[in-house]
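Working notes for the structure below.
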Ligand SMILES: [Zn+2]
């Protein structure tokens, strides 16, 4: 008789047992679109719910300053094209200024490895504005 670990309490349970004799966890197949979720252990369910909640909260409340910084990186990358490895400075190295009316000025830099030492770092200033649907568009880009 083969033994395996119970998914819920981690104790040894017979492979043939329909439910765990220690904690009562039932080895059943769950059908339907949420079957995978019902089949999870209680810890797994809490983890999934937490991730969904965090994803939702973060998506809702990304501060505009961080959104502008991320947006400016995308515009700079578009300007540079796909050539070369570009490393952007971190958010704490950038300066993001709220200009009001959903407009932000981002002063930051990026580094390109294929340029010689002193030219490696390129500073840029990007003015972005956010529309009602939350999308960023660039008004000005100097680099
Ligand atoms: Zn068990």
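The values are calculated or read from the model by the stated rules, or taken from the named source; none is laboratory data. Quick caveat: nothing in here was measured; it's all calculated off a predicted structure. Ideal geometry is used to build each Cβ from the backbone, glycine not excepted, and the neighbour counts take in all protein chains shown.
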Evaluate segment 95-117: report whether one residue or more is over 15 Å from residue 140 (Cα atoms), touching a helix residue (DSSP H, G or I) at 6+ places or on another chain (Cβ under 6 Å) and either at pLDDT 85 or above or not in a loop (DSSP other than H, G, I, E, B) (or both).
no
Answer yes or no: is there a residue in segment 41-61 that is more than 30 Å from residue 137 (Cα to Cα), in a loop (DSSP other than H, G, I, E, B) and modelled with pLDDT under 90.
yes
Pairs where the first residue, in segment 10-39, is over 24 Å from residue 50 (Cα atoms) and within 12 Å of the ligand (Cβ to nearest atom) and the second is in a loop (DSSP other than H, G, I, E, B) and modelled with pLDDT under 75, C-beta under 6 Å, 6+ apart:
14/1
